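Okay, structure first, notes after.
The values are calculated or read from the model by the stated rules, or taken from the named source; none is laboratory data. In this text, all values refer to a predicted model and were calculated from it rather than measured experimentally. No Cβ is skipped: glycine too gets one built from the backbone with ideal geometry, and neighbour counts run over all protein chains shown.
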Amino acid sequence: MRRVKAPYRCRVGLPPWRPGTMVRGTQGRRQQETFMLQEVRSSHRSITFAALLAMAACTLDGAEPLPEEANHVIAVVPMTGEFSAAGVSRLRALMLGLSQVEAVGELARPIRLHLIDAGAQDQVETEDLLRAQLEELTIGGVRHVAAIVTSGTLALKASAPIALLDQIPYFEVSSGRGLDEVTLDAAADRTFAFRVGPLAIHEPRLITNLLAARQGEASWGRVSLLRGQYVHDKMLTRSMLGALEAAGQAGRLTAPGVVEMPNEGPFEPFIDQAMLAGADIIYYAVSGDDANLAFLRAARDRGFAGKLITSDQLAGAGLLEPDLAAYLAEGATSDEGRHFMSRRGPSEGPELAAFEADLAAATGIATDHFAAYAYDAGVLVGLGLVASHEAGGDALRDHVLRSSIGGTPFGYGQLADVVAAIRAGQDVDYSGVSGWIDFAFDDIHGQVTPSSYHVETAVPVAPTAFGYRTLPSPVGQY
């Protein structure tokens with residue numbers, strides 16, 4: 001059987017690594033620190049000390065079990081390169097979630113985590129590594145893989161189509177950008193794809209609620225929908241158009257559909273067209289920070305005096321530059337400026353605070369924005385293994401769904417209780433670190449709580465300083 005060079009194998013319950021700790025290998029074993037260090041050197045990418053320790057944890061102290069003797073999870077995350085710090089945090093959070101379920105789940109087989117560094121090669125090479133790893137874990141045509149977990153767009157696009165085709169439960173734990181694109185026209189079963197945290201694709205629903213709530217107010221009348229040429233732009237504006245039609249708001253559109261623009265501009269002709277059509281509001285979707293800034297500057301330069309609304313955009317420093325921020329915040333009424341963006345809300349609350357403290361204590365690594373999603377994915381995979389009696393494929397998928405919809409509610413820190421309830425045959429509803437997790441069987445995006453989203457508007461916070469303020473309900477009630 002062909003051996004795969006790049007992935008590292010992890011025992012998910014390994015102790016935390018601290019400076020000075022060495023990984024000891026035994027001659028003849030396949031997992032040795034020399035193998036790991038050679039692999040790091042061969043990547044020709046920079047690597048942080050924390051990433052090195054995290055990959056050091058992905059070696060085995062003992063003989064590797066046969067494929068059928070363990071519950072295998074494959075993680076495809078960036079451990080080298082630009083996003084290595086985030087990859088480290090998410091990998092250790094995933095390991096923490098899996099190990100905590102393993103500790104209380106009384107599983108017949110151990111959980112083994114296989115790591116593929118998505119930062120060390122391109123998408124095609126990552127796909128090849130994943131396929132090779134799957135082949136290594138295949139016996140008699142049966143894939144012995146419980147789940148595939150990814151972080152980042154490259155990892156997602158390399159892994160999601162393969163996971164869905166093989167009907168392996170698949171979790172994306174970063175922004176999720178691209179999951180809708182990958183699965184939009186997929187022939188494979190979309191119900192195997194899970195997004196633990198909220199996706200941008202839901203944000204237009206909030207915008208529709210905002211438009212409906214403000215209808216009749218001055219400067220909240222007619223709407224133009226403009227988008228760039230990327231699939232993500234098409235998805236957002238398609239969702240926006242559908243939401244407007246479903247809410248009976250389509251009559252406010254200045255054109256019967258969505259107007260397409262070159263993603264890099266020029267945007268001025270399309271803004272002029274919207275202004276001539278009497279648009280009070282322009283909803284726009286263009287991919288990339290530079291394109292977004294160029295669109296806003298074009299609106300400023302053309303003298304558009306209405307509302308500018310978008311989705312899936314961060315309040316980056318460029319938006320707050322005085323030359324642009326003054327325009328975005330001017331004409332404010334009721335403390336609202338010209339520019340509005342719907343956003344996935346920042347996770348907060350006692351569960352998140354407890355998780356961050358636990359992760360730091362267990363690993364010595366600080367959390368990043370999406371580490372909670374990685375932890376929740378690990379827990380859901382583990383609960384699926386418990387409920388399905390360590391089956392894979394559609395059985396594990398079904399039990400992941402059942403552990404997050406309906407039943408007795410359980411929250412963070414109650415894993416022993418939720419496992420006991422599952423063992424007793426009870427229906428459970430696991431609440432993740434980052435909020436209630438609800439998956440609809442036919443909806444890869446899941447049904448997430450309104451509190452996961454909000455709408456912000458540009459406002460002046462000082463004579464020469466600008467920021468963004470979150471609008472109150474009913475915007476978040478969808």
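Sort through Asp394, Asp358, Asp398 and tell me the only one that's surrounded by fewer than 21 Cβ atoms within 10 Å (Cβ to Cβ), over 22 Å from His72 (Cβ atoms) and of a type outside the set (Phe, Trp, Tyr).
Details: Asp394 fails: over 22 Å from His72 (Cβ atoms); Asp398 fails: over 22 Å from His72 (Cβ atoms).
None of the other options fit; the residue is Asp358.
Do we find a residue being aliphatic (A, V, I, L, M), outside any helix (DSSP H, G or I) and touching a helix residue (DSSP H, G or I) at 6+ places or on another chain (Cβ under 7 Å) anywhere in segment 289-309?
First, the residues of segment 289-309 that are aliphatic (A, V, I, L, M): 291, 293-294, 296, 298-299, 305, 308-309.
In the following step, the residues that additionally are outside any helix (DSSP H, G or I) were identified as 305, 308-309.
Remaining after also requiring touching a helix residue (DSSP H, G or I) at 6+ places or on another chain (Cβ under 7 Å): 308-309.
Checked against the condition, which is being aliphatic (A, V, I, L, M), outside any helix (DSSP H, G or I) and touching a helix residue (DSSP H, G or I) at 6+ places or on another chain (Cβ under 7 Å), segment 289-309 yields at least one hit.
Do you know which residues across segment 89-146 are in a helix (DSSP H, G or I) and touching a strand residue (DSSP E or B) at 6+ places or on another chain (Cβ under 7 Å)?
Once the filter is applied, which keeps residues that are in a helix (DSSP H, G or I) and touching a strand residue (DSSP E or B) at 6+ places or on another chain (Cβ under 7 Å), segment 89-146 yields Arg90, Leu91, Leu94, Met95, Leu98, Glu102, Thr126, Leu129, Leu130, Gln133, Leu134.
Would you mind stating whether Gly81 is in contact (Cβ under 8 Å) with a residue 24 or more places away in the chain and on the phi > 0 side of the Ramachandran plot? Give the steps one after another, and end with the answer.
On the way: in contact (Cβ under 8 Å) with a residue 24 or more places away in the chain: yes; on the phi > 0 side of the Ramachandran plot: yes.
Answer is yes for this residue.
Anything in segment 140-175 that is under 12 Å from the mean Cα position of the chain (by Cα) and over 20 Å from Gly384 (Cβ atoms)? List them, or say none.
Across segment 140-175, the qualifying residues are Gly152, Thr153, Ala155, Leu156, Ser174, Ser175.
Just one of (1) within 23 Å of Gly467 (Cβ to Cβ); (2) modelled with pLDDT under 95 trips up Phe304, so point out which.
(2)
Of Ala361, Ala395, which residue is of a type in the set (A, V, I, L, M) and modelled with pLDDT of 90 or more? It would help to see each step written out before you state the result.
Working: Ala361 fails: modelled with pLDDT of 90 or more.
None of the other options fit; the residue is Ala395.
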